[in-house]
Amino acid sequence: MRVNPASSGIESFLRQFELESEAGTAALGCEIARHLAAGDTVTLSGPLGSGKTVLARAVVRTFLAREEVPSPTFTLVQTYETQNFLISHVDLYRVKAESELRELGLDEALDRGVLIIEWPDRMGTQLPPDRLDLMFEAADGEHRLVKLVGRGSWAQRLKTMRLGGAS
Ligand SMILES: Nc1ncnc2c1ncn2[C@@H]1O[C@H](COP(=O)(O)OP(=O)(O)OP(=O)(O)O)[C@@H](O)[C@H]1O
Ligand SMILES: [Mg+2]
């Protein structure tokens, strides 16, 4: 489904589907990983415990199978050097001020590779316009509803993604 191409000035594309288990979320992470290139931004939104870190972990492990992938809740940024690019996994939940954001050096991180950002709302308008946004909603038990919005170059990539039971 095409969303608001005129008002935003940049093409965007929406898909949504249900994740039935944690394994489904991990599979989505693997599929996203197949489409990643240096300079990409992926944002992960949704309430505490909705599966953002589970998805980011699956992305990292697609490149580095045995890597420990802790939540960046306290470190704010965890980086992973893969053969292709650096992955910076960021959790902005605790960021309160713009000065704290600047100290994280996310621009340089993006120059060196891929950004995966939990709690991207903390960045306000500073997010790159070309990006993949994921929004998780917890349903019953392990069920999650996930919405994906591909913006700019991600609109086309999202169209070609293989998503389980997707609309
Ligand atoms: N379908 C699912 N997808 C992902 N995680 C699931 C799913 N069902 C259950 N879970 C469980 O929910 C929890 C998700 O935790 P996770 O750390 O990924 O959340 P989060 O969104 O990163 O939270 P936070 O905002 O605190 O960082 C895990 O304990 C995981 O086992
Ligand atoms: Mg998390």
Name the single residue that is most open to solvent (accessible area, probe 1.4 Å) among those in the stretch 38-68 being assigned to a loop (DSSP other than H, G, I, E, B) and out of contact with any Leu (no Cβ under 9 Å at 6 or more places or on another chain). R66
State all residues of the stretch 129-146 that are in contact with an Asp or Glu (Cβ under 9 Å, 6 or more places away or on another chain) and closer than 27 Å to D111 by Cα; if no residue qualifies, say none. D130, R131, L132
Please go through (1) modelled with pLDDT of 95 or more; (2) among the acidic types (D, E); (3) open to solvent by less than 80 Å² (accessible area, probe 1.4 Å) for E81 and return the number of the only condition it doesn't satisfy. (3)
Kindly check whether there is at least one residue in the stretch 97-110 that is under 16 Å from the mean Cα position of the chain (by Cα), within 16 Å of ligand 1 (Cβ to nearest atom) and surrounded by 14 or more Cβ atoms within 10 Å (Cβ to Cβ). no
Filter result (more than 10 Å from ligand 1 (Cβ to nearest atom), of a type in the set (A, V, I, L, M, F, W, C) and crowded, with 18+ Cβ neighbours inside 10 Å) within the stretch 128-145: L132, L134
Looking for something more than 10 Å from ligand 1 (Cβ to nearest atom) and over 28 Å from L145 (Cβ atoms) - is there at least one such residue anywhere in the stretch 33-52? yes
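Determine which member of the set R66, R94 is of a type outside the set (F, W, Y) and either modelled with pLDDT under 95 or closer than 20 Å to L14 by Cα (or both). Quick ask: steps written out before the conclusion?
Working: R94 fails: either modelled with pLDDT under 95 or closer than 20 Å to L14 by Cα (or both).
Result of the check over R66, R94: R66.
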Does the stretch 116-125 contain at least one residue that is β-branched (V, I, T), under 22 Å from T62 (Cβ atoms) and out of contact with any strand residue (DSSP E or B) (no Cβ under 7 Å at 6 or more places or on another chain)? no
Is the stretch 117-127 home to any residue that is open to solvent by less than 50 Å² (accessible area, probe 1.4 Å), over 12 Å from T41 (Cβ atoms), touching a residue at least 40 places away in the same chain (Cβ under 8 Å) and within 16 Å of ligand 2 (Cβ to nearest atom)? yes
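Output the residues belonging to the stretch 69-93 that are part of a loop (DSSP other than H, G, I, E, B), away from ligand 1 (no atom under 14 Å from the Cβ) and free of Cβ contacts under 8 Å to residues at least 40 places away in the same chain.
Those that are part of a loop (DSSP other than H, G, I, E, B), away from ligand 1 (no atom under 14 Å from the Cβ) and free of Cβ contacts under 8 Å to residues at least 40 places away in the same chain: T82, Q83.
The values are calculated or read from the model by the stated rules, or taken from the named source; none is laboratory data. None of the values given here were measured: they were computed from a predicted structure. Using ideal geometry, Cβ is built from the backbone for each residue, glycine included, and neighbour counts are taken over all protein chains shown. What goes into the accessible areas is simple: the full protein's heavy atoms, side chains included, and nothing from ligands, DNA or RNA. Shrake-Rupley method; radii C 1.70, N 1.55, O 1.52, S 1.80 Å.
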